[in-house]
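The structure appears right after this line, and notes come after that.
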Amino acid sequence: MLLRILKPGLLSTIQDLGRMQHLAEAVPVSGAMDQVSCRVANIVLGNPENSAVIEFTYHGAELYAETDLLIAFSGDGAVLSVAGEELPSDRPLFLPANTHFSLIPGIGCRSYLAVAGGWNVPVILGSASTYLMASFGGLDGRTLKENDVITSSEVLGTLSKRILDNFISTEVNYPHWAASRAAFLPSLKKVVRVIPGREFTWFGAESLLAFLSDSFRVNVRSDRMAFQLEGPLIIRSKQQELISTAVAPGTIQVTGDGKLMLLMADSQTTGGYPRIAQVAAVDLPICAQLKPGDDIFFEDISRKEAEKLYLKQEQNFRELKATIANKFG
């Protein structure tokens, strides 16, 4: 299957679920910012969850099916459109060869395009993810460009073949059912649950109250590395130097001038700012869809609560995979 990029959009890269195994070597995780959308798009095609996808930031991309395509689209950053008709997300979509399709505005920031078999790019350090700062992974370590042609894997899994056989057509074709992506996400999209960080007690009571009750706004100086947050200043009560220590996607640091910095997929692996909190893993996809100007609140939960939420989400993914397998088994 061949896809041509007519217009790449603002920031489009190849991603998967990242490269966790090289953190000790100072290699960032990278990978999809919204891993729920990435996983759902792959699962409904019968792909392994870690198959390579295209991550789009906002809308504006225009694409062309050089051959028949079996794809899935997920995420809130855009909506797929063919000849003015909006296509549904979170399900298999068959597009016949020579179909021109585009991304029109959505309500969030990022969206994901999966193809049956996954996009065929080299695996570097155990992942197909693009890390732009070091120019490796994905498609030559860069963003997608006009006239790039991307191919799918030459070998389809048994389940993907069955799904393709069900929807192959001379026209755009898709099922009436869809995966319920909402089942994997919290109902409150502006409340991000956090676990207190190792340096949580370094801050005064008034600042901690503000952190857990006031709103914070995503600054325009935000990217795949980190979101700069505007809001009440978080003032330290403990004046102690912190030796550079471990951080990860979801870590919330407090800078020297009292501002919050929420680390994201391409964040460094160590940092010297105190860590006030860590976003619960299940809420990171909510953060990934935030746009500059969006407001969020933080709510503290225990580590045990965060683990239960994570295990419940993983159970939901297992049930979705079993449902797809049974539907086309």
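The values are calculated or read from the model by the stated rules, or taken from the named source; none is laboratory data. All values reported here derive from a predicted model rather than from experimental measurement. With ideal geometry, Cβ positions are generated from the backbone for all residues, glycine too; neighbour counts draw on all protein chains shown.
Using beta carbons and a limit of 6 Å, which pairs, at least six apart or on different chains, have the first residue in segment 79-94 and in contact (Cβ under 8 Å) with a residue 40 or more places away in the chain and outside any strand (DSSP E or B) and the second one surrounded by 14 or more Cβ atoms within 10 Å (Cβ to Cβ) and hydroxyl-bearing (Ser, Thr, Tyr)?
Correct list of pairs: SER89/SER74; ASP90/SER74; ARG91/TYR174.
Among the listed residues SER74, SER135, identify the single one that is polar (S, T, N, Q), free of Cβ contacts under 8 Å to residues at least 24 places away in the same chain and in the same structural domain as GLU171 (by TED's automatic domain parsing).
The unique qualifying residue is SER135.
Only one of (1) of a type in the set (Lys, Arg); (2) without any contact (Cβ under 8 Å) to a residue 12 or more places away in the chain; (3) surrounded by 13 or more Cβ atoms within 10 Å (Cβ to Cβ) is not met by LYS189, so which one is it?
(2)
Any idea which of ILE234, ILE252 is crowded, with 18+ Cβ neighbours inside 10 Å, more than 30 Å from ASN316 (Cα to Cα), hydrophobic (A, V, I, L, M, F, W, C) and in the same structural domain as GLY293 (by TED's automatic domain parsing)?
So the residue among ILE234, ILE252 that is crowded, with 18+ Cβ neighbours inside 10 Å, more than 30 Å from ASN316 (Cα to Cα), hydrophobic (A, V, I, L, M, F, W, C) and in the same structural domain as GLY293 (by TED's automatic domain parsing) is ILE234.
Can you tell me which condition ILE252 does not meet? The list is (1) outside any strand (DSSP E or B); (2) farther than 30 Å from ASP90 by Cα, and all the others hold.
(1)
State all residues of segment 278-302 that are closer than 17 Å to GLU199 by Cα, touching a helix residue (DSSP H, G or I) at 6+ places or on another chain (Cβ under 8 Å) and of a type in the set (Gly, Ala, Ser); if no residue qualifies, say none.
Across segment 278-302, the qualifying residue is only ALA280.
Matching residues to (1) closer than 20 Å to ALA265 by Cα; (2) among the small types (Gly, Ala, Ser); (3) touching a Cys at 6+ places or on another chain (Cβ under 7 Å); (4) modelled with pLDDT of 95 or more:
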residue	(1), (2), (3), (4)
GLU86	no, no, no, yes
THR99	no, no, no, yes
VAL121	yes, no, no, yes
PRO175	no, no, no, yes
ALA179	no, yes, no, yes
LEU185	yes, no, no, no
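Taking ALA97 as the residue in question, decide whether it is in contact with a strand residue (DSSP E or B) (Cβ under 7 Å, 6 or more places away or on another chain), closer than 18 Å to LEU2 by Cβ and surrounded by fewer than 17 Cβ atoms within 10 Å (Cβ to Cβ).
Values: in contact with a strand residue (DSSP E or B) (Cβ under 7 Å, 6 or more places away or on another chain): yes; closer than 18 Å to LEU2 by Cβ: yes; surrounded by fewer than 17 Cβ atoms within 10 Å (Cβ to Cβ): yes.
Yes, satisfied.
Assuming LEU156 fulfils every condition listed in (1) modelled with pLDDT under 95; (2) under 14 Å from GLN15 (Cα atoms) apart from one, which condition is it?
In the conditions (1) modelled with pLDDT under 95; (2) under 14 Å from GLN15 (Cα atoms), LEU156 misses (2) alone.
Which one of these is of a type in the set (Val, Ile, Thr), under 30 Å from GLY126 (Cα atoms) and not in a helix (DSSP H, G or I): ILE195, ILE163? Write out each step before concluding.
Working: ILE163 fails: not in a helix (DSSP H, G or I).
From the options ILE195, ILE163, the qualifying one is ILE195.
Could you tell me whether segment 265-286 includes any residue that is among the polar types (S, T, N, Q), more than 20 Å from the chain's Cα centre (by Cα) and not assigned by TED's automatic domain parsing to the domain that holds SER37? Walk me through it before giving the result.
Filtering segment 265-286 for residues among the polar types (S, T, N, Q) gives 267-270, 278.
Then drop every residue that is not more than 20 Å from the chain's Cα centre (by Cα), which leaves 270.
Then drop every residue that is not not assigned by TED's automatic domain parsing to the domain that holds SER37, which leaves 270.
For segment 265-286, residues among the polar types (S, T, N, Q), more than 20 Å from the chain's Cα centre (by Cα) and not assigned by TED's automatic domain parsing to the domain that holds SER37: present.
What are the pairs with Cβ atoms under 9 angstrom where one residue, in segment 211-230, is closer than 16 Å to GLY258 by Cβ and in the same structural domain as THR143 (by TED's automatic domain parsing) and the other, located anywhere, is at pLDDT 95 or above and exposed (fewer than 15 other Cβ atoms within 10 Å of the Cβ)? Sequence gap at least six, or different chains.
Once the first residue is closer than 16 Å to GLY258 by Cβ and in the same structural domain as THR143 (by TED's automatic domain parsing) and sits in segment 211-230, no partner that is at pLDDT 95 or above and exposed (fewer than 15 other Cβ atoms within 10 Å of the Cβ) comes close enough.
I'd like the full set of residues that are basic (Lys, Arg), part of a helix (DSSP H, G or I) and in contact (Cβ under 8 Å) with a residue 40 or more places away in the chain, limited to segment 255-304.
Quick first cut of segment 255-304, residues basic (Lys, Arg) only: 259, 275, 291, 303-304.
From the residues that got through so far, the ones that are part of a helix (DSSP H, G or I) too are 303-304.
Once the filter is applied, which keeps residues that are basic (Lys, Arg), part of a helix (DSSP H, G or I) and in contact (Cβ under 8 Å) with a residue 40 or more places away in the chain, segment 255-304 yields only ARG303.
What number of residues within segment 1-45 are free of Cβ contacts under 8 Å to residues at least 24 places away in the same chain and part of a loop (DSSP other than H, G, I, E, B)?
0
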